[in-house]
Amino acid sequence: MADYEFLTTWLLESPREPVWEAVYDQARWPQWWRGVEEAEEVRGGEENGIGTVSRLVWKSLLPYRVEFEVTTTRVEHLQLLEADAVGELSGVGRWRFYEQDGITAVLYEWNVATSKAWMNLLAPVGRPIFEWNHDWVMARGGEGIAK
């Protein structure tokens, strides 16, 4: 497995609550986030979302799709969302939300490992491309949520 650590920041001219709601509602991501082809809840969790399992399918400009499931493990309303991923990518994703003077900062940490054999074989030379791919997808999310 090849390990990756990413940190993405979005600065949005918006109060925190609508930004939180957009990120929290994964099923709606394909409506505003280019690159998210599918996002569906597989199993509901607790009232606050902990334990919810969702299946996500991602596609960028590169000619492959990545599919994995995420299980929400931590929810601190308007502040933090955390989930464990399993599948073609496995690891932990963590969203943090901050607001000051009408600007919301969203920080996303994505610490994952690839499980597809071809990705692991190509990792020594493909890492820059995989990192570029992640950055492209996250930039599309920032553009989509800003609208």
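I'd like to verify a number: residues in region 81-92 that are within 23 Å of Leu122 (Cα to Cα), open to solvent by less than 50 Å² (accessible area, probe 1.4 Å) and either assigned to a loop (DSSP other than H, G, I, E, B) or of a type outside the set (Ser, Thr, Tyr) (or both), how many?
The qualifying residues number 6.
Determine whether region 94-112 contains at least one residue that is surrounded by 14 or more Cβ atoms within 10 Å (Cβ to Cβ) and in contact with a Pro (Cβ under 9 Å, 6 or more places away or on another chain).
Looking through region 94-112, at least one residue is surrounded by 14 or more Cβ atoms within 10 Å (Cβ to Cβ) and in contact with a Pro (Cβ under 9 Å, 6 or more places away or on another chain).
For region 56-70, which positions are assigned to a strand (DSSP E or B) and within 20 Å of Ile145 (Cα to Cα)? Before you say what the answer is, go through the steps one by one.
Narrowing region 56-70 to residues assigned to a strand (DSSP E or B): 56-59, 65-70.
Leu56, Val57, Trp58, Lys59, listed by residue number.
Test Arg16 against the criterion of being out of contact with any Ser or Thr (no Cβ under 7 Å at 6 or more places or on another chain), among the basic types (Lys, Arg) and touching a residue at least 24 places away in the same chain (Cβ under 8 Å), and give yes or no.
Judged against the criteria, Arg16 is not a match.
Which of the residues spanning region 1-59 are surrounded by 14 or more Cβ atoms within 10 Å (Cβ to Cβ), farther than 15 Å from Leu81 by Cβ and among the hydroxyl-bearing types (Ser, Thr, Tyr)?
Across region 1-59, the qualifying residues are Tyr4, Ser14.
Out of all the residues in region 60-80, which are open to solvent by less than 40 Å² (accessible area, probe 1.4 Å), free of Cβ contacts under 8 Å to residues at least 60 places away in the same chain and under 22 Å from Val106 (Cα atoms)?
Across region 60-80, the qualifying residues are Val70, Thr72, Val75, Leu80.
The values are calculated or read from the model by the stated rules, or taken from the named source; none is laboratory data. This is a predicted model, so every value here is computed, not measured. Positions of Cβ are generated from backbone atoms using ideal geometry, with glycine treated the same way; all protein chains shown enter the neighbour counts. Accessible surface is based on the protein model in full, side chains and every heavy atom, while ligands, DNA and RNA are left aside. Shrake-Rupley method; radii C 1.70, N 1.55, O 1.52, S 1.80 Å.
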